[in-house]
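Student: One structure coming up, written as structure tokens, with questions to follow.
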Amino acid sequence: MRIGLAAAVAVLASFSVQAQGWETLRKDGIHDPRGPGVKELQEPGAALSKLTPDNAGNMVRWVQALEKSEINPRASIRPDTKIRVYDSDVLLNLKGGMPIVRFPHRQHTQWLDCANCHDHLFKAEAGANQFSMLAILEGEQCGVCHGAVAFPLTECFRCHSVARPGNVLRPTLPIAIPPGAVPPR
């Protein structure tokens, strides 16, 4: 089911606001509060409040937490898996009006194997992918993670981070929030 752009932005903005309080597992609407497993899990506030803080999404700067060794994610469940960290940036959205997107492979491949995205989400070939903000807002392409486990899509300038030739990047530029949407804090 596809939703409209305004609805997608509203959902993302409300997620950003809700995540600030680190709702308890019993009240998060995801976990069954009557289930026996919920008492075995660590509460998000207890775990996340110790990590490098952020002002959006689930309130954690995950890449900085990784770089500071605050977290040490398992790269694979199989100990014999060779981890491939690809240290190359790719520039995307070279023709649009927004600043250019810089996709940092290193930060992504430190936790995810290339097979997580290639070739079912993205073709591993320069120029072979057509990106769409609508598709991303609807949970496709980059939206599979961003807006769910990574920083939310309301943080436009974290991806759109390279000024176009002749333009000055203005990270404080407000995004247009559709009528009825909850603006991010």
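The values are calculated or read from the model by the stated rules, or taken from the named source; none is laboratory data. Bear in mind the structure is a predicted one, so any value in this text is a computation, not a measurement. Here the Cβ positions follow ideal geometry from the backbone for every residue, glycine too, while neighbour counts run over all protein chains shown.
Student: Does the range 29-53 hold any residues that are among the acidic types (Asp, Glu) and touching a helix residue (DSSP H, G or I) at 6+ places or on another chain (Cβ under 8 Å), and which are they? First the steps, then the outcome.
Tutor: Let us first name the residues in the range 29-53 that are among the acidic types (Asp, Glu), namely 32, 40, 43.
Once the filter is applied, which keeps residues that are among the acidic types (Asp, Glu) and touching a helix residue (DSSP H, G or I) at 6+ places or on another chain (Cβ under 8 Å), the range 29-53 yields only Asp32.
Student: Let me ask something else. Please state which one of Asp113, Asp54 is more than 15 Å from the chain's Cα centre (by Cα), under 19 Å from Ala150 (Cα atoms) and of a type in the set (Asp, Glu). First the steps, then the outcome.
Tutor: Values: Asp54 fails: more than 15 Å from the chain's Cα centre (by Cα).
Matching residue, one of Asp113, Asp54: Asp113.
Student: Answer yes or no: is there a residue in the range 80-90 that is surrounded by 12 or more Cβ atoms within 10 Å (Cβ to Cβ), in contact (Cβ under 8 Å) with a residue 60 or more places away in the chain and closer than 30 Å to Ala163 by Cα.
Tutor: So far as the range 80-90 goes, no, none of its residues is surrounded by 12 or more Cβ atoms within 10 Å (Cβ to Cβ), in contact (Cβ under 8 Å) with a residue 60 or more places away in the chain and closer than 30 Å to Ala163 by Cα.
Student: A follow-up question, please. Among the listed residues Asp113, Asp119, identify the single one that is surrounded by 14 or more Cβ atoms within 10 Å (Cβ to Cβ), out of contact with any helix residue (DSSP H, G or I) (no Cβ under 9 Å at 6 or more places or on another chain) and among the acidic types (Asp, Glu). It would help to see each step written out before you state the result.
Tutor: Working: Asp119 fails: surrounded by 14 or more Cβ atoms within 10 Å (Cβ to Cβ).
Of Asp113, Asp119, the one residue that is surrounded by 14 or more Cβ atoms within 10 Å (Cβ to Cβ), out of contact with any helix residue (DSSP H, G or I) (no Cβ under 9 Å at 6 or more places or on another chain) and among the acidic types (Asp, Glu) is Asp113.
Student: Does the range 5-20 contain at least one residue that is in a helix (DSSP H, G or I) and either more than 19 Å from Gly139 (Cα to Cα) or modelled with pLDDT of 85 or more (or both)? Walk me through it before giving the result.
Tutor: Going residue by residue through the range 5-20, those that are in a helix (DSSP H, G or I) are 5-19.
With the extra rule that they be either more than 19 Å from Gly139 (Cα to Cα) or modelled with pLDDT of 85 or more (or both), the set shrinks to none.
No, because not a single residue in the range 5-20 is in a helix (DSSP H, G or I) and either more than 19 Å from Gly139 (Cα to Cα) or modelled with pLDDT of 85 or more (or both).
Student: On the basis of being closer than 28 Å to Gly21 by Cβ and either touching a His at 6+ places or on another chain (Cβ under 9 Å) or surrounded by 16 or more Cβ atoms within 10 Å (Cβ to Cβ) (or both), does Gln107 make the cut?
Tutor: Working: closer than 28 Å to Gly21 by Cβ: yes; either touching a His at 6+ places or on another chain (Cβ under 9 Å) or surrounded by 16 or more Cβ atoms within 10 Å (Cβ to Cβ) (or both): yes.
Yes, satisfied.
Student: On to the next question. Is it the case that Gln130 is surrounded by 15 or more Cβ atoms within 10 Å (Cβ to Cβ) and closer than 30 Å to Gly166 by Cβ?
Tutor: Numbers: surrounded by 15 or more Cβ atoms within 10 Å (Cβ to Cβ): no; closer than 30 Å to Gly166 by Cβ: yes.
Judged against the criteria, Gln130 is not a match.
Student: For the range 43-72, give me each residue that is out of contact with any Ser or Thr (no Cβ under 8 Å at 6 or more places or on another chain) and over 24 Å from Gln110 (Cα atoms).
Tutor: Listed by number, the list holds a single entry, Ala46.
Student: Between residues in the range 143-154 that are on the phi < 0 side of the Ramachandran plot and residues that are in a loop (DSSP other than H, G, I, E, B) and aliphatic (A, V, I, L, M), which pairs lie under 6 Å by C-beta distance while being six or more apart or on different chains?
Tutor: That search, which allows pairs on different chains as well, returns His146/Leu153; Phe151/Ala56; Pro152/Ala56.
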